[in-house]
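Heads up, the thing below is written out as structure tokens.
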Amino acid sequence: MIGKKQQEQIRLLEKKLRIAFKDKKLLLQAVTHPSARTKGKPDYERLEFLGDAVLDVVTAEMLLNEYPLSDEGTLSKLRAALVNAKSLAEIARTLSITELIIMSKSEEASGARNRDSLLADVFEAIVGAVYLDQGFNKAKKWLEKLFSAPVKTVVPQDPKTELQEFLQAQGIPVPEYRLKYKSGPDHSPEFVYSVIIEDKEEGTGRGKSKKEAQQKAAFKALQKLNKEKKI
């Protein structure tokens, strides 16, 4: 039987996730750390295993649809940038899941509640719980809403290096990155860079820092080269 405190925990989680669970115990399990596991209260690890698989399938399909010209290698890099401990932890924080995780006092004292790895595990467990309780189609729609913006802006870990290595292998001079313009206030600037290859602009990128804008420009150039079958 679920106690009053746990019922309130579940109510808050359902509100944050915008999902009404049929099996409330599944949701409670998804936020129970192994340190708080008891005989009648399992932890999130099995649900995490399942959620990881569901997340892989859904994000892989989203990337296939968003980047129809990208090859398997590029798609793998995009997924690694889209789905990792840091990115999943950010989603968990956005959903305000952090304070609702159930753990032992010793784990709490160690600072575990705010660790990216733990938050990512809990998010994957929640994905697993949503899948079991609501079915694949509803879980997929829920994830598509959460990842609709990130999937459009995700960039592989280091496209600048990848682009430079490709050009060097072809005997082409290293690319040049040119600032097209800078906008916004000093405390929150936005940069737009273009990447020039053999005196021709091959991609542009926008970002909150020079590095981010240049990486996005390099990624656009890689996509263009891939489209032209030069990679």
Only one of E202, E108, E165, E198 that is over 26 Å from the mean Cα position of the chain (by Cα) and without any contact (Cβ under 8 Å) to a residue 24 or more places away in the chain: E165
Pick from region 1-44, criterion surrounded by fewer than 16 Cβ atoms within 10 Å (Cβ to Cβ) and among the hydroxyl-bearing types (S, T, Y), ranking: farthest from the chain's Cα centre (by Cα): T38
Test: residue in region 121-143 that is closer than 27 Å to S70 by Cα, touching an Asp or Glu at 6+ places or on another chain (Cβ under 7 Å) and not charged (D, E, K, R): no
Region 6-60, residues that are small (G, A, S) and under 19 Å from M103 (Cβ atoms): A30, S35, A36, G40, G51
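Every read-out reported here was derived from the displayed coordinates using simple, explicitly stated rules and does not represent laboratory data. Quantities reported herein were computed from a predicted structural model and do not represent experimental measurements. Please note: Cβ atoms are built from the backbone with ideal geometry, for glycine as well, and neighbour counts cover all protein chains shown.
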